[in-house]
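Participant: Attaching a single structure in structure tokens format; questions to follow.
Every number here is computed from the coordinates shown, using simple stated rules; none is lab data. Owing to the predicted nature of the structure, the values given are computational and were not obtained by experimental measurement. Cβ atoms come from the backbone with ideal geometry, glycine included; neighbour counts cover every protein chain shown.
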Protein chains: 4
Amino acid sequence: MRAYSKNEGLISFRRAHIAKCAARVFVKKGYSNTNTRDISEACDMSIGSLYRYVGSKEDILCLVIDLGIQREMAFRKKAFSKSKSLDPVEALKQAMGELIKSVDEIQDLIMFSYRSMQNVEPSARQNIINVDRDIVTEFEKLLIRGCKKGVFEIEHPQMIAQTIIVIAQMWAIRRWAFQKLCTLNEYIDIYTSYILKLICAETPPR
Amino acid sequence: MRAYSKNEGLISFRRAHIAKCAARVFVKKGYSNTNTRDISEACDMSIGSLYRYVGSKEDILCLVIDLGIQREMAFRKKAFSKSKSLDPVEALKQAMGELIKSVDEIQDLIMFSYRSMQNVEPSARQNIINVDRDIVTEFEKLLIRGCKKGVFEIEHPQMIAQTIIVIAQMWAIRRWAFQKLCTLNEYIDIYTSYILKLICAETPPR
Amino acid sequence: MRAYSKNEGLISFRRAHIAKCAARVFVKKGYSNTNTRDISEACDMSIGSLYRYVGSKEDILCLVIDLGIQREMAFRKKAFSKSKSLDPVEALKQAMGELIKSVDEIQDLIMFSYRSMQNVEPSARQNIINVDRDIVTEFEKLLIRGCKKGVFEIEHPQMIAQTIIVIAQMWAIRRWAFQKLCTLNEYIDIYTSYILKLICAETPPR
Amino acid sequence: MRAYSKNEGLISFRRAHIAKCAARVFVKKGYSNTNTRDISEACDMSIGSLYRYVGSKEDILCLVIDLGIQREMAFRKKAFSKSKSLDPVEALKQAMGELIKSVDEIQDLIMFSYRSMQNVEPSARQNIINVDRDIVTEFEKLLIRGCKKGVFEIEHPQMIAQTIIVIAQMWAIRRWAFQKLCTLNEYIDIYTSYILKLICAETPPR
DNA sequence: CATGAATGAGGTTTCATTCAT
DNA sequence: TATGAATGAAACCTCATTCAT
């Protein structure tokens with residue numbers, strides 16, 4: 001990503017600002033329906049300044065996508081930070097809750113990122129997929145740990161992990177359907193219980 | 001939707017052709033990245049001819065979205081045609097199987113439709129949502145019928161119905177993840193069993 | 001003016017029809033804002049048929065302009081037919097009255113013709129000017145005859161003749177102003193009296 | 001009228017430039033026969049720059065028409081500035097002289113404006129008519145003042161005022177006829193005398 | 001470093017004209 | 001002879017990007 005400026009600190013600072021402001025417009029109007037004038041106004045910068053810190057409109061899209069990625073990664077840290085110290089069921093409950101809450105917060109950005117993958121080069125596309133894959137992996141490890149402890153009994157842990165991600169994204173993608181059916185917390189509770197029902201080992205009758 | 005031709009039959013015929021061909025390009029390049037020249041080439045028509053049958057590029061997008069809707073509706077008929085005569089478990093198995101298979105066939109089109117909703121007027125947008133809602137309703141009725149027969153035991157049938165749709169769409173949205181994990185038929189089997197596990201009434205131990 | 005048809009009689013017949021119908025649309029929407037589809041609909045013919053009888057859209061404009069010219073010429077015959085047998089004052093009154101009445105009838109067409117001169121080749125343009133010039137000449141002859149008889153006393157008969165034409169066209173061009181001030185007949189009476197006041201020889205008081 | 005620039009001064013400056021240059025091309029080729037490329041070349045600007053200062057081709061037409069209006073209004077000030085301090089006959093002579101001279105200067109623009117009214121929205125059309133009406137009113141006031149002073153004797157002052165305007169416009173509309181008959185100054189003298197002959201009170205023989 | 005005016009390629013759409021049926 | 005579907009050049013307009021100030 002080319003920039004005319006030489007001041008690295010300023011570049012980072014301005015790019016963060018651009019990403020945050022551009023995200024708002026992109027989410028609202030879509031990438032292709034947003035022009036550089038819209039972006040510059042949203043950023044409260046001149047078009048010329050904009051182009052000192054990014055090389056192209058596509059670069060801005062990448063910044064916005066990166067912003068989404070960073071936010072997801074920030075969540076991941078939070079969601080799994082204590083999971084090691086908790087028993088698997090509690091750890092899963094907390095991780096799923098945090099995941100879905102994070103999706104609720106940044107759902108527009110996440111959905112926008114997925115929609116816009118087509119407009120960026122494959123390498124940037126890979127970043128989104130990587131983050132996603134990393135979160136899946138974290139859940140997978142959690143599930144496998146539970147299996148080893150005998151708490152869970154799972155045939156396809158990878159698919160359950162995928163399913164958890166989808167449940168979280170579902171809250172964003174189908175918000176128009178779910179917001180009539182339940183609140184965020186009810187959603188978390190219901191789907192967490194579904195997952196647990198699928199994976200918890202049958203406790204043998206004494 | 002304006003058309004300059006007066007021959008209604010020809011209009012329908014050409015529009016169907018345009019929808020089918022444009023769908024291919026749109027799916028591949030995205031709506032905004034496809035220009036009218038691309039469309040005319042894909043349709044093997046001149047640009048002028050194109051505009052005899054549609055009033056604007058957005059009209060073409062609507063045609064493509066409608067195509068997706070029609071295909072989904074065709075599926076619905078097929079998936080639920082025999083469900084009345086089958087016991088709820090079999091009916092659900094068949095319906096879910098058909099739904100996921102249909103998504104597999106028209107996944108690109110479906111995903112494109114969802115991505116492109118932003119670019120069409122609210123009325124066209126509503127059509128997509130309506131079809132979706134109708135399918136959800138069919139599943140809901142199936143689930144409730146099962147509950148009445150005592151085969152299923154479901155607290156939130158609407159949410160299970162939503163979940164089934166999401167499972168189907170998941171196969172499209174996350175194909176890059178699932179195609180490494182399982183085949184289409186395995187996917188159908190696994191998720192059908194998950195759903196059944198969630199909703200089947202516990203058979204009391206004798 | 002090229003035509004594909006070989007049947008001369010049919011050509012004349014159709015061209016007359018086209019001129020009459022096209023005139024209506026041209027007058028209403030202007031030449032450039034009217035497309036061949038509009039014309040074909042106004043003529044109740046297919047576009048293909050249209051082009052059997054005319055060679056281009058500009059040809060149709062020429063036909064319409066010719067129609068205006070023919071109507072003006074028809075008027076001229078009527079207005080001046082009896083002028084030879086009347087005394088100059090009466091002849092002038094009648095001619096001016098007829099001229100202004102004719103302008104009232106075909107004012108839209110006349111105004112359209114003047115506006116559209118720019119769009120036709122110089123030769124067609126000349127035709128309009130010729131008709132105009134011929135009418136001016138007729139009035140000039142009438143005025144000079146009056147001078148010779150001692151009824152009129154005119155320094156610049158050509159300019160008075162021009163003025164008469166302008167008075168007639170004024171009724172068309174500034175109808176929005178005059179229609180608030182007087183009726184057609186009042187207009188004729190007032191301006192005829194003005195002209196007579198300007199040109200009638202002072203009868204010396206004995 | 002939309003503009004992308006925020007610098008009001010520059011907008012005014014460029015718009016004035018565009019109006020002046022576009023007027024030349026419009027007058028020469030007609031509005032519909034002039035394309036944006038012609039305009040941009042006449043203005044010595046790129047098409048993109050053009051569209052920073054106007055929203056559409058029709059906007060440019062409005063600018064050109066406004067230019068004509070401004071010039072007419074500038075004239076009006078000049079023509080009537082001293083009319084209050086002069087006796088009615090002299091005032092009328094001067095006003096008519098100035099009016100006709102102004103038409104001589106801006107005749108192409110005036111004629112173009114009238115021809116092009118069809119292509120602009122009614123509101124812009126009204127502006128042209130308003131300016132015209134104001135000039136008519138000024139002459140009317142002058143005529144009535146003369147009547148009150150007993151210098152003029154006029155039955156229909158409004159129609160005489162209209163007639164004066166038409167005489168002026170006639171010099172533009174029928175220049176092809178009049179330029180063979182007389183010079184501008186002769187034209188002014190002749191028609192001023194005609195009007196005076198029509199309206200001056202008969203001085204009673206002593 | 002900041003600005004925003006300038007650029008012109010490329011977007012969508014229209015339309016006079018042709019020609020197979 | 002009559003039709004109207006097909007054509008593609010050319011119309012109007014937008015926009016990402018550059019660069020003089």
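Participant: Return the Cα extents of the range B:87-185 along principal axes one, two and three, sorted largest first, each rounded to a whole Å.
Facilitator: 45, 37, 19
Participant: Write down Rg/Rh for chain A, rounded to two decimals, with Rg from the C-alpha atoms and Rh from the Kirkwood relation over Cα pairs.
Facilitator: Ratio of gyration radius to Kirkwood radius for chain A: 1.07.
Participant: Taking 8 Å as the Cα distance limit and 6 or more residues as the minimum spacing, I'd like the relative contact order of the range B:67-199 as a percentage.
Facilitator: 31 percent
Participant: Report the calculated FRET efficiency for D:Glu153 and C:Glu186 (r = Cβ-Cβ distance, R0 = 22 Å), to the nearest 0.05.
Facilitator: 0.70
Participant: Checking a compactness column here: for the range A:56-101, what do you get for Rg(Cα) / (2.2 N^0.38 Å), N being the number of residues?
Facilitator: Compactness ratio reported: 1.55.
Participant: Just from its helices, what would the mean residue ellipticity at 222 nm be for chain B, if runs of 4 or more DSSP H residues each count -39500 (n - 2.57) and the sum is divided by every residue, rounded to the nearest 500 deg cm²/dmol?
Facilitator: My calculation for chain B gives -25000 deg cm²/dmol from helical runs alone.
Participant: Could you tell me how many degrees, from 0 to 90 and to the nearest 10, lie between the Cα long axis of helix B:184-199 and the main elongation axis, the longest principal axis, of the Cα atoms of chain B?
Facilitator: 50 degrees
Participant: Given H placed 1.01 Å from N in the peptide plane, which residues other than close sequence neighbours of A:Phe152 have an amide H under 5 Å from its amide H?
Facilitator: HN-HN under 5 Å from A:Phe152: A:Cys147, A:Ala201.
Participant: Now for a different question. By how many degrees, 0 to 90 and rounded to 10, does the Cα axis of helix A:8-29 deviate from the longest principal axis of chain A?
Facilitator: Tilt of helix A:8-29: around 70 degrees.
Participant: Based on the alpha-carbon gyration tensor of the range B:1-55 and its eigenvalue square roots a ≥ b ≥ c, which shape applies: rounded if a/c is under 1.5, prolate if not and a/b is larger than b/c, or oblate?
Facilitator: prolate
Participant: If you consider only alpha-carbon coordinates, what radius of gyration and Dmax does the protein assembly as shown have, in Å?
Facilitator: Cα radius of gyration and Dmax of the protein assembly as shown are 40.8, 149 Å respectively.
Participant: Rounded to the nearest 0.05, what FRET efficiency is calculated for B:Asp134 and A:Lys77 with R0 set to 45 Å and r the Cβ-Cβ distance?
Facilitator: E(calc), rounded to 0.05, equals 0.60.
Participant: Stretch A:Met1-A:Leu196 to full length: gain in nm at 0.36 nm per residue minus the Cα-Cα span?
Facilitator: Result: 65.8 nm gained on full extension.
Participant: About the Cα centre, and with charges only on the beta carbon of Lys, Arg (+1) and Asp, Glu (-1), how big is the dipole of chain A? Nearest 20 debye, please.
Facilitator: 320 debye
Participant: List the residue from chain D whose beta-carbon is nearest to the axis that rotates chain D onto chain C, together with that distance in whole Å.
Facilitator: It is D:Ser32, 2, counting Cβ atoms only.
Participant: Also, I was wondering about something else. Place a +1 charge on the Cβ of each Lys and Arg in the range D:104-206 and a -1 charge on the Cβ of each Asp and Glu, then give the dipole magnitude about the Cα centre in debye, rounded to the nearest 20.
Facilitator: 180 debye
Participant: Angle, helix B:122-148 long axis vs. longest principal axis of chain B, Cα atoms, 0 to 90°, nearest 10?
Facilitator: The angle comes out at about 20 degrees.
Participant: Follow-up. Do any chymotrypsin sites (Phe, Trp or Tyr not before Pro) in the range D:85-148 lie in a DSSP loop with no more than 10 other beta carbon atoms within 10 Å, and if so, which?
Facilitator: Qualifying residues, ordered by number: none.
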